[in-house]
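What follows is one structure encoded as structure tokens, with my remarks underneath.
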Amino acid sequence: MQPKKTYTLQEATKKLEHYCAYQERCHQEVRQKLEGMYMIPEAIDVIIVHLLKHNFLNEERFAKTFVSGKFRIKRWGRRRLTLELKKKDISKVNINQALSTIENGEYIEIFNSLAEKKVNSIRETNIYKKRKKLIDYLLYRGWESHLVYEKANEIIK
């Protein structure tokens, strides 16, 4: 068995600067990475303060890019986005700010196209089962239930 690799404060700081520069990270991910590098809590705090001071780590920026990416690429709804950001210990203020970057017109447009695409791919003849499959899919993706039920009743008759 190999002994665990240890890092000096400078080495760990450089490594985490690259880690944060490569992709937006939240505080939780950085802390987990440092704990995985077997850094002591005092060193973790020093490195996180350094990353914040030098703008490698910014939770507001992380929340906005997270929301933008997951909404446009994975087509998640506001409920799923909020849930995932809460799991990452992002503050309510930052979550709301990030969600406000989504325009309502674009939100509804993506919701409608996603629902239409899914309905066309469901190979079910029973309309009740087909409707349930569509509803389950859209709710899992985090779309608001009132939108989902209205759309399901509108598309599948």
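The values are calculated or read from the model by the stated rules, or taken from the named source; none is laboratory data. Quick caveat: nothing in here was measured; it's all calculated off a predicted structure. Don't worry about glycine lacking a Cβ; one is built from the backbone with ideal geometry, like all the others, and counts go over all protein chains shown.
Quick one: would you say residue 17 is of a type outside the set (Ser, Thr, Tyr) and more than 20 Å from residue 85 (Cα to Cα)? So that I can check it myself, show each step before the final result.
Working: of a type outside the set (Ser, Thr, Tyr): yes; more than 20 Å from residue 85 (Cα to Cα): yes.
Yes: the conditions hold for residue 17.
Going by the conditions given, is residue 15 in the same structural domain as residue 90 (by TED's automatic domain parsing) and either charged (D, E, K, R) or buried (at least 18 other Cβ atoms within 10 Å of the Cβ) (or both)? No; evaluated as a whole, the condition is false for this residue. Step by step: first the residues of the stretch 85-126, then only those that are in contact (Cβ under 8 Å) with a residue 40 or more places away in the chain and within 30 Å of residue 156 (Cβ to Cβ), then the one that is farthest from the chain's Cα centre (by Cα). Which residue is that? The selected residue is 115. Condition check for residue 111 on (1) closer than 24 Å to residue 64 by Cα; (2) out of contact with any helix residue (DSSP H, G or I) (no Cβ under 7 Å at 6 or more places or on another chain); (3) surrounded by 12 or more Cβ atoms within 10 Å (Cβ to Cβ): one failure, at (2).
Scan the stretch 90-102 and tell me whether some residue there is under 25 Å from residue 25 (Cα atoms), basic (Lys, Arg) and assigned to a loop (DSSP other than H, G, I, E, B).
Keep residues of the stretch 90-102 that are under 25 Å from residue 25 (Cα atoms), which gives 90-102.
Right, trim to basic (Lys, Arg) and you get 92.
Of the ones still in play, those that are also assigned to a loop (DSSP other than H, G, I, E, B) are none.
Taking every residue of the stretch 90-102 in turn, none turns out to be under 25 Å from residue 25 (Cα atoms), basic (Lys, Arg) and assigned to a loop (DSSP other than H, G, I, E, B).
Inspection of the stretch 61-78 finds no residue satisfying the criterion of being buried (at least 18 other Cβ atoms within 10 Å of the Cβ), of a type in the set (A, V, I, L, M) and in contact with a Phe, Trp or Tyr (Cβ under 8 Å, 6 or more places away or on another chain). Of 11, 109, 17, all but one fail to be in a helix (DSSP H, G or I) and closer than 22 Å to residue 142 by Cβ; the exception is 109. Looking across the stretch 20-46 at every residue that is in contact with a helix residue (DSSP H, G or I) (Cβ under 7 Å, 6 or more places away or on another chain) and more than 26 Å from residue 92 (Cβ to Cβ), the one that is surrounded by the most Cβ atoms within 10 Å (Cβ to Cβ) is identified as 39. Taken together, 49, 93, 119, 67 contain a single residue that is hydrophobic (A, V, I, L, M, F, W, C) and assigned by TED's automatic domain parsing to the domain that holds residue 20, which is 49.
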